[in-house]
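Single-structure report; data block below.
The values are calculated or read from the model by the stated rules, or taken from the named source; none is laboratory data. Fair warning: this is a prediction, and the values are worked out from it, not measured in the lab. All Cβ positions, even for glycine, are placed from backbone atoms using ideal geometry, and neighbour counts span all protein chains on display. Only protein heavy atoms, including side chains, enter the accessible area calculation; ligands, DNA and RNA are left aside. Shrake-Rupley method; radii C 1.70, N 1.55, O 1.52, S 1.80 Å.
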Amino acid sequence: MVKLARTLPSSLDGLAEISGAVRADARGNVQDASHPEGAAQRGAAAAAAMSELAAAGDALGLSHLDLLLVRGASSSTVTALRRDEILLLAVDPSKSTAGVEKALQSWAGTKDAPAARAPAASASGSQPPPLPSASGPLPSAAAKAAA
């Protein structure tokens with residue numbers, strides 16, 4: 001279990017899978033960190049990632065981004081966004097993050113918010129068009145207009 005200098009939110013108390021934490025404002029300025037070394041870089045990276053992913057989601061018509069889980073073989077993080085605050089948690093990659101995610105949703109005020117879901121496929125089973133191949137150039141707008 002990890003403690004921030006000003007303590008983790010009470011919803012995260014007692015979760016042994018958390019090994020580190022950084023609390024930052026939406027611009028990445030660190031407000032608190034369990035391990036100060038490298039915290040400024042982690043806070044800035046988390047803020048940039050959340051901002052860019054939220055902008056991409058907005059462009060795609062997705063709902064509010066409030067939680068981001070990045071899982072790797074040797075490390076994993078769960079990042080939550082609340083108003084103008086970000087909480088980045090390092091978690092044990094070998095353990096489930098369900099408890100951490102639930103606690104962060106509560107912290108972020110999104111516990112009861114509906115999850116963003118992709119539209120269901122129609123009964124006819126139609127599929128979206130395939131993504132462009134990386135093997136060739138994308139068709140130009142003029143070529144599309146001529147077709």
Review point. How about region 74-87: which of its residues are surrounded by 14 or more Cβ atoms within 10 Å (Cβ to Cβ) and within 13 Å of Gly109 (Cβ to Cβ)?
Key: Ala80, Leu81, Arg82, Glu85, Leu87
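Okay, residues lined up against (1) small (Gly, Ala, Ser); (2) open to solvent by less than 40 Å² (accessible area, probe 1.4 Å):
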{"residue": "Val22", "(1), (2)": "no, yes"}
{"residue": "Asp25", "(1), (2)": "no, yes"}
{"residue": "Ala40", "(1), (2)": "yes, no"}
{"residue": "Met50", "(1), (2)": "no, yes"}
{"residue": "Gly72", "(1), (2)": "yes, yes"}
{"residue": "Val91", "(1), (2)": "no, yes"}
{"residue": "Gly99", "(1), (2)": "yes, yes"}
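If I ask for residues that are out of contact with any helix residue (DSSP H, G or I) (no Cβ under 9 Å at 6 or more places or on another chain) and closer than 21 Å to Lys95 by Cα, which ones from region 36-76 would you list? So that I can check it myself, show each step before the final result.
We begin by selecting, within region 36-76, every residue out of contact with any helix residue (DSSP H, G or I) (no Cβ under 9 Å at 6 or more places or on another chain); these are 36-61, 71-76.
Those that are out of contact with any helix residue (DSSP H, G or I) (no Cβ under 9 Å at 6 or more places or on another chain) and closer than 21 Å to Lys95 by Cα: Arg71, Gly72, Ala73, Ser74, Ser75, Ser76.
Identify the residue in region 52-70 that is among the aliphatic types (A, V, I, L, M) and under 16 Å from Arg83 (Cα atoms) and, among all such residues, is surrounded by the fewest Cβ atoms within 10 Å (Cβ to Cβ).
Ala55
Report whether or not Ala44 is open to solvent by 30 Å² or more (accessible area, probe 1.4 Å), free of Cβ contacts under 8 Å to residues at least 40 places away in the same chain and touching a Gly at 6+ places or on another chain (Cβ under 8 Å). Please lay out each step first, then the result.
Details: open to solvent by 30 Å² or more (accessible area, probe 1.4 Å): yes; free of Cβ contacts under 8 Å to residues at least 40 places away in the same chain: yes; touching a Gly at 6+ places or on another chain (Cβ under 8 Å): yes.
When the stated conditions are applied, Ala44 passes them.
Kindly establish whether Leu62 is in a strand (DSSP E or B) and either farther than 13 Å from Leu15 by Cβ or touching a residue at least 24 places away in the same chain (Cβ under 8 Å) (or both). Lay out the reasoning, then the answer.
Working: in a strand (DSSP E or B): no; either farther than 13 Å from Leu15 by Cβ or touching a residue at least 24 places away in the same chain (Cβ under 8 Å) (or both): yes.
For Leu62, the condition - in a strand (DSSP E or B) and either farther than 13 Å from Leu15 by Cβ or touching a residue at least 24 places away in the same chain (Cβ under 8 Å) (or both) - is not met.
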Review point. Of all residues in region 58-93 being touching a Leu at 6+ places or on another chain (Cβ under 9 Å) and of a type in the set (Asp, Glu), which is modelled with the lowest pLDDT?
Key: Asp66
